[in-house]
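Worksheet for the structure shown next.
The values are calculated or read from the model by the stated rules, or taken from the named source; none is laboratory data. All values derive from a computational prediction rather than experimental measurement. Here the Cβ positions follow ideal geometry from the backbone for every residue, glycine too, while neighbour counts run over all protein chains shown. Heads up: the accessible areas ignore ligands, DNA and RNA and are worked out on the full protein's heavy atoms, side chains in. Shrake-Rupley method; radii C 1.70, N 1.55, O 1.52, S 1.80 Å.
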There are 2 protein chains.
Amino acid sequence: MTEQPASLTPTQLSAYFALTEVSSLLRPAVEKQLRDVGALSYVQFQLLARLGDAVDGRSRMTDLADGVVYSRSGLTYQAQSLEERGLITRSPSPDDERSTIVAITAAGRAVLQAVFPGHIEAVRGLLFTPLSDDDASDLARILGRVSAHLRAAPPRSAARRRKT
Amino acid sequence: MTEQPASLTPTQLSAYFALTEVSSLLRPAVEKQLRDVGALSYVQFQLLARLGDAVDGRSRMTDLADGVVYSRSGLTYQAQSLEERGLITRSPSPDDERSTIVAITAAGRAVLQAVFPGHIEAVRGLLFTPLSDDDASDLARILGRVSAHLRAAPPRSAARRRKT
DNA sequence: GTTAGGTGCTTCAAATTCGAAGCAGATAAG
DNA sequence: CTTATCTGCTTCGAATTTGAAGCACCTAAC
């Protein structure tokens, strides 16, 4: 009576389970390195990394928030923190007075450079040590597909603006 | 000069990137359903699910914390909340006076049953819609291997107990 | 059996996170 | 041009999360 038509196969269930487990375990392990070497939280690292990759090292707040999948208010908080440390600057956009343009500073790039190798090394040790090249390739393909699927839904920043 | 020996291949990098992206996007989407249907946070759901699966529906606090990869103090907080709602009970272990045994109640099982089908359905839609059966199978195999690798490291509960 | 150290859990203070509400500039419709 | 709506960001309050410190019990070495 309590049986629903199982809409996930056992294999799918275990894939889902493994996914949450891996990300839960990976996160704190990687964060430790970031905190020790660069006094960065994971989000802060992601923000710097995105800015470092962006053309001119600049980006709008909203695009950053969507990029790292974070609430807008959370991003404001973190951006303040990074700005106080001199790792980024915030300035109004010339195009749109409402927009804030975030730019990575030289100091920000320096921290990024200091932290990056160890970060990569940690990920390699934790995530890829037990995997073959083919595994890594499969993983990239499969999760890339899922990511694209999830990105198709409206992003966090489009959150409800309820009618009055 | 600024080039380090890239210790991750481009493929590995994109796999890593996709992994963080997928888990970041999946989490809030799934949480919405849990909150709407059962007023549960993701952790709370995981806790109930684990207890529901456990023999007798009971488990030690520490084992629960390690199982869902959560801090011990965080678990205390969530357990209090679930206990107040009558979804679990906490009682001292007969074997070990220090231990607290958490048990799921009938009400807890009821909430779990109410929430479960929708949860599974959400995961299917979000995670497995774009994937073939082979993909799911590969994902389970690969992430299962990583998970085992990560679980080999000492768990969260074995955190530093520094010498005085 | 006494003592030193280990283990299980909670309390505490501090930091982070989020959504809702608010503010101001932009955009479109008439 | 005016008004209604939308969009980008911040402020605010409430909830969550964490590590460190503390308490009590357990274990083992002597």
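Listed values, structure above:
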{"read-out": "Selection from region A:66-80 of residues that are more than 7 Å from DNA strand D (Cβ to nearest atom), in contact with a helix residue (DSSP H, G or I) (Cβ under 7 Å, 6 or more places away or on another chain) and either within 14 Å of chain B (Cβ to nearest Cβ) or at pLDDT below 95 (or both)", "value": "A:Asp66, A:Gly67, A:Val68, A:Val69, A:Tyr70, A:Ser71"}
{"read-out": "Search result, residues across region A:70-90 that are of a type in the set (A, V, I, L, M) and within 8 Å of DNA strand C (Cβ to nearest atom)", "value": "A:Leu75"}
{"read-out": "Region A:98-142: number of residues that are part of a helix (DSSP H, G or I), more than 7 Å from chain B (Cβ to nearest Cβ) and among the hydrophobic types (A, V, I, L, M, F, W, C)", "value": "9"}
{"read-out": "Single residue of region B:81-97 satisfying the filter (over 24 Å from A:Glu21 (Cβ atoms) and assigned to a strand (DSSP E or B)) that is farthest from DNA strand D (Cβ to nearest atom)", "value": "B:Thr89"}
{"read-out": "Some residue of region B:14-33 being surrounded by fewer than 17 Cβ atoms within 10 Å (Cβ to Cβ) and over 30 Å from A:Asp138 (Cα atoms)", "value": "no"}
{"read-out": "Cross-chain or 6+ apart pairs with Cβ under 8 Å, region A:73-100 first and without any contact (Cβ under 8 Å) to a residue 12 or more places away in the chain, then more than 6 Å from DNA strand D (Cβ to nearest atom) and among the β-branched types (Val, Ile, Thr)", "value": "A:Glu83/A:Thr89; A:Pro92/A:Ile101"}
{"read-out": "Restricting region A:84-112 to residues that are more than 15 Å from A:Gly52 (Cα to Cα) and touching a Lys or Arg at 6+ places or on another chain (Cβ under 6 Å), the residue that is least open to solvent (accessible area, probe 1.4 Å)", "value": "A:Ser99"}
{"read-out": "Any hit, region A:29-48, residues being within 14 Å of chain B (Cβ to nearest Cβ), aliphatic (A, V, I, L, M), closer than 24 Å to B:Val43 by Cβ and more than 14 Å from DNA strand C (Cβ to nearest atom)", "value": "yes"}
{"read-out": "Cross-chain or 6+ apart pairs with Cβ under 6 Å, region A:19-39 first and within 13 Å of B:Gly144 (Cα to Cα), then surrounded by 18 or more Cβ atoms within 10 Å (Cβ to Cβ) and small (Gly, Ala, Ser)", "value": "A:Glu21/B:Ser147; A:Val22/B:Ser147; A:Ser23/B:Ser23"}
{"read-out": "Enumeration of residues in region A:78-102 that are closer than 15 Å to A:Thr62 by Cβ and of a type outside the set (S, T, N, Q)", "value": "A:Ala79, A:Arg90, A:Pro92, A:Asp95, A:Asp96, A:Glu97, A:Arg98, A:Ile101, A:Val102"}
{"read-out": "Residues of region B:143-160 classified as exposed (fewer than 15 other Cβ atoms within 10 Å of the Cβ), among the basic types (Lys, Arg) and at the interface with another protein chain (Cβ under 10 Å from one of its Cβ atoms), total", "value": "1"}
{"read-out": "Residues of region B:27-62 that turn out to be in a helix (DSSP H, G or I) and closer than 12 Å to B:Leu87 by Cα, as a count", "value": "9"}
{"read-out": "Single condition A:Leu87 does not satisfy, out of (1) within 14 Å of chain B (Cβ to nearest Cβ); (2) within 27 Å of B:Leu8 (Cβ to Cβ)", "value": "(1)"}
{"read-out": "Whichever residue in region A:51-65 is more than 14 Å from DNA strand D (Cβ to nearest atom) and within 14 Å of chain B (Cβ to nearest Cβ) and, among such residues, is surrounded by the fewest Cβ atoms within 10 Å (Cβ to Cβ)", "value": "A:Asp53"}
